[in-house]
Amino acid sequence: MIDHTSGAALSAREMLCQLASRGWEVEVIGATVFETGGGPPEIRTRLDEIETPGTLVRYSDGPLKHIWVKTESPQMRDMRIHELDKLLVLYLKRLEEWQPDIVWLYGGKTFELLALGDAKRSGAATAFFLVNGNYKGKRWHQDVDVILTDSQATSELYKKTQGIHPQPIGKFIRRQTVVPLRHERSHVTFVNPKPEKGAYLVAQMAMALEHRRPDIQFEVVESRGTWGDIVRRITARQGQQRDSLLNVLVTPNTTDMRPVYGRSRVVLSPSLWWESGNRVLVEAMLNGIPAIVTNRGGPPEMIGDGGIAITLPEIFHKPPYSRLLPPDALALITGMIEQMYDDEAGYQSMVREAVKAGEERHDIERNTDRLIEQLSNLMRIVSSD
């Protein structure tokens, strides 16, 4: 829940914070594991001081109170059976002592499936947070009362593929945490350089503009992906391996994106896998920064008219997501980027649309109202049963 590299964790945490700010009592049960790395430095330091796996760790995160099981490894994939046992025992104890009205989680692994079933047996309602297109079969939602998602696109996907009806409630991002005091509007910004996020395509765009338009500076913010690896692979395929590009500034993973957005003129999000509701795009709209996205999944919904949606052949959306653009498509997209620098009137029109999208689509107070409506309805239905 405090994993800064996980969009789902960031979103879920903010949703819980919003509930707490509206008077809901929230408790978070978990373990000291993260999708990548070992968590934020201040957390790593504290956890390193606790030597015994299985120890319970209490942590206050603003309005949220966490109880974690200390694990030997910070990697989720390395969590051991006896550590899962400790987590399950802790969870069952809190179910009995606290008697929550709602148990809310995401993920379809063993612990989540057990937790949902035990919640139902305890009399609690169950809610599930769904923000990707990867869930298959019926077991993961067998004990779920309501499924919440961030976009209409993901809701429609699951209606079509599985006949279930996730409820779209939008994204949860506080404007003041992502909007800087001033905007330079100088850089082309790309976050998380992984193949499935379109990293090879962005590298191709940067290479095409490297010498032709040295005035256009790209900025790549690393998260789970590493930009140097992408550059080495794509340049090796072209016969002359390099470690970097002259027109690309690489920024390490950061918990404060305001300086990055202060430099951004346009945000690139050419995602090739199913993107439910890319938070970078919501942050861009809250900043009035136009975006170029792929016309698939939630991104077009996130930006409205505050950017451009490009359509790629279906083959680009299949693993390993390393296919490169043909020359005509590359020229078309780089031309879009150049126009955002050369046509100031057209750019400012797009900025106004981005601001509008931020105000109308991503207001956190309205989205919190939707969340509370769904959870309140769930509590009424369960209590009536």
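The values are calculated or read from the model by the stated rules, or taken from the named source; none is laboratory data. These figures come from a predicted structure and were not determined experimentally. Here the Cβ is made from the backbone with ideal geometry for all residues, glycine too, and neighbour counts use every protein chain on show.
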Handout entry: the stretch 50-67 - residue that is farther than 18 Å from Met15 by Cβ and of a type in the set (A, V, I, L, M) and, of those, surrounded by the most Cβ atoms within 10 Å (Cβ to Cβ)
Key = Ile67
Handout entry: Extreme residue, nearest to Lys86 (Cα to Cα), among residues of the stretch 24-44 that are in a strand (DSSP E or B) and touching a His at 6+ places or on another chain (Cβ under 7 Å)
Key = Gly30
Handout entry: Only one of Asp305, Asp229 that is over 29 Å from Ala9 (Cβ atoms), modelled with pLDDT of 95 or more and charged (D, E, K, R)
Key = Asp305
Exercise for the section: Out of Lys120, Lys70, report the one residue that is in contact (Cβ under 8 Å) with a residue 12 or more places away in the chain, of a type in the set (Lys, Arg) and closer than 29 Å to Gly277 by Cβ. Expected result: Lys120
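Looking at this structure, is Ser383 surrounded by fewer than 16 Cβ atoms within 10 Å (Cβ to Cβ), in contact with a strand residue (DSSP E or B) (Cβ under 9 Å, 6 or more places away or on another chain) and among the small types (Gly, Ala, Ser)?
Numbers: surrounded by fewer than 16 Cβ atoms within 10 Å (Cβ to Cβ): yes; in contact with a strand residue (DSSP E or B) (Cβ under 9 Å, 6 or more places away or on another chain): yes; among the small types (Gly, Ala, Ser): yes.
Here the answer is yes, as Ser383 does meet what is asked.
Quick check on this structure: which one of Leu16, Leu90, Leu47, Leu10 is touching a helix residue (DSSP H, G or I) at 6+ places or on another chain (Cβ under 8 Å), part of a helix (DSSP H, G or I), surrounded by 15 or more Cβ atoms within 10 Å (Cβ to Cβ) and of a type in the set (A, V, I, L, M)?
None of the others qualify; the one that does is Leu10.
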Fill in the blank from the handout: Of all helices (runs of 4 or more DSSP H) fully inside the stretch 266-346, the set with 2 or more residues that are more than 30 Å from Arg182 (Cβ to Cβ) and out of contact with any strand residue (DSSP E or B) (no Cβ under 6 Å at 6 or more places or on another chain) is 327-342
Exercise for the section: Could you check how many residues of the stretch 19-40 are closer than 21 Å to Leu56 by Cβ and either modelled with pLDDT of 95 or more or crowded, with 18+ Cβ neighbours inside 10 Å (or both)? Expected result: 11
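Going by the conditions given, is Asn377 in contact with a Ser or Thr (Cβ under 9 Å, 6 or more places away or on another chain) and at negative phi?
Taking the combined requirement at face value, the residue does not satisfy it.
Suppose we filter Ser269, Ser276 for residues that are touching a Leu at 6+ places or on another chain (Cβ under 7 Å) and under 24 Å from Asn253 (Cα atoms); which single one remains?
Ser269
Per-residue answers, yes or no, for (1) farther than 24 Å from Asp342 by Cα; (2) of a type in the set (Gly, Ala, Ser); (3) modelled with pLDDT under 95:
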residue: Asn247; (1), (2), (3): no, no, no
residue: Arg258; (1), (2), (3): yes, no, no
residue: Gly262; (1), (2), (3): no, yes, no
residue: Val267; (1), (2), (3): no, no, no
residue: Leu281; (1), (2), (3): no, no, no
residue: Ala284; (1), (2), (3): no, yes, no
residue: Gly288; (1), (2), (3): no, yes, no
residue: Gly298; (1), (2), (3): yes, yes, no
Exercise for the section: Quick one: which residue in Met340, Met350 is farther than 19 Å from Ala206 by Cα and surrounded by 15 or more Cβ atoms within 10 Å (Cβ to Cβ)? Expected result: Met350
